[in-house]
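One structure is given here, and the rest of the page talks about it.
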Amino acid sequence: MSKASEVLYASQPTISLQIKILEEALEVKLFERCGPRLKLTTEGEILYDLVSPLVQGIDGIKKNFNAHHGNLSSGELTIAAEESIILSTLQKPIQKFVKRYPGIRLSLANIPGREGRDLVLSDEADLAVGSILNVPDNLQYDPFVSYPSVLIVPKDHPLTKLSKITLADIGDYGMIHPPIQFNSWRIVKMVFALNGASYKVALEAGGWEVVKKYVSLGMGVSIVSEVCISEADRETLAVVNLGEYFPARKYGVITKAVGSPSAPAQKFIEILSNEYSNNHKLGKIRTISLEDPSAYRSKSPYFSDQFQASSP
């Protein structure tokens, strides 16, 4: 109650009176007291979910009005994405946006995909850019570009001597991969299982830059999305396309399913769409699901129907 009083510049008795009037009008109890704290009742939570989008829409009226008139002289835009996406996929669109709208303060949240989605849902980020395997009902996901999965090894690694590399060959060497909460970990695990191959983990490392560094040191091999690979990486690492086994990873814009993105976010999405519309044709989008193992089956002789996708 004291925090609400500070935010609304109103006394606590005034706020209590307004709550009482609202409860009487709706004929329900919205709050219950738990010791010194107030807690929403079930009816209070329902009302909160209903009015939150309306309040957010009212707060954004001025920004959206200015956007329709092309007036983005001030404002903020927060984009959440992994480091590799920020440094490669978003680089040119960000440069164009900053040049076109210098009055908008741009913030880039360099965090893993799941954390980026949480920021969007909590309204701490206007949008996120990443890859989603299973799209939840409260998010909108619009893919705009895809990248193949690749194997990375040191240039003098024994695998580079093979004319054809199979998953069984890769499994003979220690794998360096990100923590379990990353989509990449789940995809690699499932593709190996579906193709009757196995692998051992040499090292678990958070962040693709860390993974690439330890691969270059000869401590293991890794399977990553090509979006992580820079020209500098190709000077120290051998990069092998694994398109025979892995479907291309799609990356897209992630926003809340309810309501409209902020005016700056809409303008950035337009720039992003124009940047990639002519370069990367995705055709009809089909979200890759862990419950659809057929998407990961290859023509490899190692595949057998007895192998089923494991739960995430």
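Some notes on this structure:
- Pairs from LYS164/LYS189; LYS155/LYS213; LYS99/LYS256; LYS155/LYS212 whose Cα-Cα separation, in the structure shown, is over 19 Å: LYS164/LYS189; LYS99/LYS256
- The fewest-to-most ranking of MET175, MET219 by surrounding Cβ atoms within 10 Å reads MET219, MET175.
- Loop trypsin sites (Lys or Arg not before Pro), segment 73-107, which have at most 12 other Cβ atoms in a 10 Å radius of their Cβ (DSSP): none
- Long-range amide H partners of THR78 with built H, under 5 Å: SER107, ASP126, LEU127
- Note on segment 170-189 and segment 94-111: Cα centroid distance 33 Å, given to the nearest whole angstrom.
- In order through segment 124-129: 3J(HN,Hα) via Karplus (6.51 cos²θ - 1.76 cosθ + 1.60), integer Hz, x for Gly, Pro: 8, 9, 6, 7, 10, 10
- A straight chain from LEU159 to GLU235 at 0.36 nm per residue would run longer than the Cα-Cα distance by 25.7 nm.
- The GluC sites (Glu not before Pro) of segment 196-237 that DSSP puts in a loop, and whose beta carbon has at most 11 other beta carbons within 10 Å, are GLU231.
- Each Lys or Arg adds one and each Asp or Glu takes one away; over the other residues whose Cβ falls under 13 Å from the Cβ of GLU32, this sums to +1.
- Within segment 164-225, trypsin sites (Lys or Arg not before Pro) in DSSP loop having at most 11 other beta-carbon neighbours inside 10 Å: LYS164, LYS200
- At an R0 of 22 angstrom, the distance between the Cβ atoms of VAL55 and ASN274 translates into a FRET efficiency of 0.10.
- Efficiency of FRET between GLN140 and GLN12 - r from beta-carbon atoms, R0 35 angstrom, step 0.05: 0.35
- For segment 77-92, backbone phi angles converted through the Karplus equation (6.51, -1.76, 1.60; θ = phi - 60°) give residue-by-residue couplings of 9, 10, 10, 9, 6, 6, 4, 5, 5, 4, 7, 10, 4, 8, 4, 5 Hz, Gly and Pro being listed as x.
Bear in mind these aren't lab numbers, they're just calculated from the coordinates by the rules spelled out. What you see is a predicted model; the values in this text were computed from it and never measured. In this analysis, Cβ positions are derived from the backbone assuming ideal geometry, glycine residues included, and neighbour counts consider all displayed protein chains.
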